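Computed from the coordinates by the stated procedures, all read-outs in this text should not be read as laboratory data. Model, not experiment: these values are computed from the prediction. Here the Cβ positions follow ideal geometry from the backbone for every residue, glycine too, while neighbour counts run over all protein chains shown.
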Amino acid sequence: MRVSTQALLVLLCAAAPSSGCKEKPVDGPSEDRTLEKLRLEVERVNQGGAPSAPPGTPTDPHAQLADLAAAQDADAVKTLVLASRQPVRVDTLELQPTGLESMHSLRGAGKVALTTSDLFVRVKFEARNTGTKAVDVPLSAAKLVDAEGQEYPIPRDAQAVGGTRKLDHTWEPGQSESLDLVFEVPLAAVTPGLVLVFPSRGGQDTRLPLQ
């Protein structure tokens, strides 16, 4: 949407003190400088920049979340490049990573939705029990660990809305299933060094590099 100089002037007048804005222009250098600033601002906004807020405007976190939710149709899901697509094993359960996504908003069935100012990260797998016996694997214990060592477990509400609901069950020999694990992390966590960790009941944890 393009913004005209006249429209932007009206917006600036509305935000200015009541005694400091007049519709009738004043001749002279002051007018020239004001119009030049308006022209530059219009060009900046028309090139994709956000309109400047009046000085001293407080930041409203609820407004930020509302803006994120409103923008979700235009920028709902970002596909991230997996650092590795090699399968990993948790006991005899083989987990083949197939996708990595990030988003600010999650939508479930009906009108159920969650929005965060951080990021939801969704990891997609194909899982299969390659053993000859049934195996129990508590996938709900999985967590993300960033390059600084900060841990992020699976949030139940986000997992219920945007991921596989039943993560802990018995896998029969040869049983396979597509899985989605959802996490909530700060934007700064999605950097090289991010790994997905599956805790082991005994022995070494299983680690999958994501970034």
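Apply 1/(1 + (r/R0)^6) to the Cβ-Cβ distance of E172 and K143, taking R0 = 35 Å, and write down the FRET efficiency to the nearest 0.05.
0.85
I need to check one value: relative contact order of the stretch 76-209, counting alpha carbon pairs closer than 8 Å and at least 6 residues apart, in percent.
For the stretch 76-209, the relative contact order is 27 percent.
Where does each of 89-97, 163-171, 149-157 land if you order them by average Cβ count within 10 Å, highest first?
Ranked by mean Cβ neighbours within 10 Å, highest first: 89-97, 163-171, 149-157.
May I ask for log10 I(q)/I(0) of the stretch 76-209 at q = 0.13, 0.16, 0.19 Å⁻¹, from a Debye sum over the Cα atoms as equal point scatterers with solvent left out?
-0.53, -0.80, -1.12
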